[in-house]
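The values are calculated or read from the model by the stated rules, or taken from the named source; none is laboratory data. No experiment lies behind these values; they were computed from the predicted model shown. Cβ placement follows ideal geometry from the backbone for every residue including glycine, while neighbour counts extend to all protein chains displayed.
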Amino acid sequence: MSRIGRMPIPLPANVKVEVDDNNTVVVEAGGKRLQRTINPDMKLVTEEGVLRIERPSESREHRSLHGLTRTLVANMVTGVTTGFTRRLEINGVGYRAMRAGDMIMFQVGYSHPVGFEAPEGVTLTVEGNNRVVVSGADKELVGETAARIRRIRPPEPYKGKGIKYAEETIRRKAGKAGAKGKK
């Protein structure tokens, strides 16, 4: 049995979970709503404030779907209750981010500022000049948005300039050694 799949998902009192006929799971709480279509073989069972995922057989496919489905639904419950955040840092002389209306403008060494607009369901905030916080209810969307921002100017290994995740460490390389010992 899948160790992840058999773990129950605790449901806070304000979270409402529904499954319709074509296996679309809808999780709602506090004005936030997430929905996802899961595999029709997986069954969701709600009992006493706990949600469990059950699989029909011990086949390889069902075992792999069991843990995946449980993780996806658990992330939906966490998303509507507390949400997810990713923090990005901008390193480099003159590199900065600033809010311009509903967009964030990045000045990261190009000849022009690069604008980035947040997708629906994601909130972007700028802390100081060199920190951006991506937050939202959908874990996948938050991660994808942070990756798209990082892709504007990925960190380079020589000086560490660029946009990186706050918890990321950049492996630095030594530059050219130069011509030592030549006459």
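When Val133, Val108, Val126 are checked against the criterion of being out of contact with any Phe, Trp or Tyr (no Cβ under 8 Å at 6 or more places or on another chain), farther than 22 Å from Asn75 by Cβ and either of a type in the set (Asp, Glu) or touching a residue at least 24 places away in the same chain (Cβ under 8 Å) (or both), a single residue qualifies: Val126.
Every residue, every condition in (1) outside any loop (DSSP other than H, G, I, E, B); (2) of a type in the set (A, V, I, L, M), yes or no:
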| residue | (1), (2) |
| --- | --- |
| Asn39 | no, no |
| Ile53 | yes, yes |
| Glu58 | no, no |
| Ser64 | yes, no |
| Asn75 | yes, no |
| Arg86 | yes, no |
| Ile90 | yes, yes |
| Ile104 | yes, yes |
| Pro119 | no, no |
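Among the residues of the range 138-145, are any of a type outside the set (Gly, Ala, Ser) and part of a strand (DSSP E or B)? Looking through the range 138-145, none of the residues is of a type outside the set (Gly, Ala, Ser) and part of a strand (DSSP E or B). Considering only residues in the range 4-33 that are in contact with a Gly (Cβ under 6 Å, 6 or more places away or on another chain) and either β-branched (Val, Ile, Thr) or at pLDDT 90 or above (or both), the one that is surrounded by the most Cβ atoms within 10 Å (Cβ to Cβ) turns out to be Leu11.
So which pairs qualify, if the first residue must be in the range 158-183 and within 23 Å of Gly94 (Cα to Cα) and basic (Lys, Arg), the second must be modelled with pLDDT of 90 or more and part of a strand (DSSP E or B), the Cβ gap must be under 6 Å, and the two must be at least 6 apart or on different chains? From residues that are within 23 Å of Gly94 (Cα to Cα) and basic (Lys, Arg), the pairs are Lys161/Asn91; Lys164/Glu89.
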